[in-house]
Amino acid sequence: MATNDHAVSTLNSLIETTMDSANGYKEAAENADSSQYKSMFADRSTRRMELVRQLQQEVTTLGGTPDDDQSVLGKLHNKFVDLKAALTGGRDDKAVIAEVERGEDFIKAKYEKVMNDSDLPQSTRDLINRAYGSVKADHDEVSRLKHSL
C-alpha cells in the first residue's frame with residue numbers, strides 16, 4: 001500500500017496535538033483540588049488517548065509510521081505550567097480549568113483547520129470529523145464550566 005504523505009503528515013500533526021491534550025488533561029487531574037474535576041480530567045485524558053490510538057491506526061492503514069510522542073511545544077508548555085504553578089504557590093480549580101480551556105481552544109481550532117481538507121482520503125476525513133465531534137463536545141463543556149465559576 002502506498003503511503004499518502006499528506007494524510008500521514010496531517011494525522012501525525014493531530015496525533016501530537018491530541019497527545020498534548022491528553023497529557024494536559026492528566027496534569028489538570030493531578031493539579032485540581034476537587035475530586036469531581038480530578039475524575040473528569042482523568043477521564044478526558046483517557047478518551048484523548050483513545051483518539052490518539054484511532055489516529056495512529058489510520059496512519060498505519062495509510063502505510064505510514066504514526067507519531068508516538070507529544071509535540072516539543074506541548075512538552076515545553078507542560079514545563080511552563082509546572083514552573084508557573086511552583087512560582088505562584090500552586091493553582092486552584094478555577095486556574096486549572098482556565099488553562100484546560102486554553103488548550104481546548106487550541107486543539108479545537110487545529111481539528112477545524114484540517115477536518116475538511118479535500119486532499120485527504122475520505123476515510124481519514126471521516127475519522128477526523130468523528131474525533132472533532134468529541135473534541136468540540138469536550139471544549140464546549142469545559143468552556144461552560146469555566147464561565148460558570
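Listed by first and then second residue, the pairs with beta-carbon distance under 7 Å, at least 6 apart or on different chains, first residue in the range 103-125 and in contact (Cβ under 8 Å) with a residue 40 or more places away in the chain, second in a loop (DSSP other than H, G, I, E, B) and surrounded by 12 or more Cβ atoms within 10 Å (Cβ to Cβ), are Pro121/Asn4. Restricting attention to the range 23-47, the residues that are without any contact (Cβ under 8 Å) to a residue 40 or more places away in the chain and not hydroxyl-bearing (Ser, Thr, Tyr) total 8. For the range 48-55, the criterion of being under 18 Å from Asp105 (Cβ atoms), in contact (Cβ under 8 Å) with a residue 12 or more places away in the chain and either among the aliphatic types (A, V, I, L, M) or out of contact with any His (no Cβ under 7 Å at 6 or more places or on another chain) (or both) is met by at least one residue.
Annotation: of all residues in the range 117-149 being under 21 Å from Thr60 (Cβ atoms) and polar (S, T, N, Q), the one that is surrounded by the fewest Cβ atoms within 10 Å (Cβ to Cβ) is Gln122.
Within the range 1-58, the residues that satisfy the criterion of being closer than 28 Å to Lys94 by Cα and of a type in the set (Ser, Thr, Tyr) are Thr17, Thr18, Ser21, Tyr25, Ser34, Ser35, Tyr37, Ser39, Ser45, Thr46. Checking Ala29, Ala42 one by one, the residue that is surrounded by 13 or more Cβ atoms within 10 Å (Cβ to Cβ), closer than 19 Å to Leu145 by Cα and modelled with pLDDT of 95 or more is Ala42 and no other. Count of the range 117-147 residues, restricted to those that are part of a helix (DSSP H, G or I) and either touching a His at 6+ places or on another chain (Cβ under 6 Å) or of a type in the set (Phe, Trp, Tyr) (or both), is 1.
Within the range 57-68, the residues that satisfy the criterion of being surrounded by fewer than 20 Cβ atoms within 10 Å (Cβ to Cβ) and within 16 Å of Arg125 (Cα to Cα) are Gln57, Thr60, Thr61. Annotation: of all residues in the range 46-76 being closer than 11 Å to Ser21 by Cα, out of contact with any Phe, Trp or Tyr (no Cβ under 9 Å at 6 or more places or on another chain) and not hydrophobic (A, V, I, L, M, F, W, C), the one that is modelled with the highest pLDDT is Gln70.
The values are calculated or read from the model by the stated rules, or taken from the named source; none is laboratory data. In this text, all values refer to a predicted model and were calculated from it rather than measured experimentally. So basically every Cβ, Gly included, is an ideal-geometry build from the backbone, and we count neighbours across all protein chains shown.
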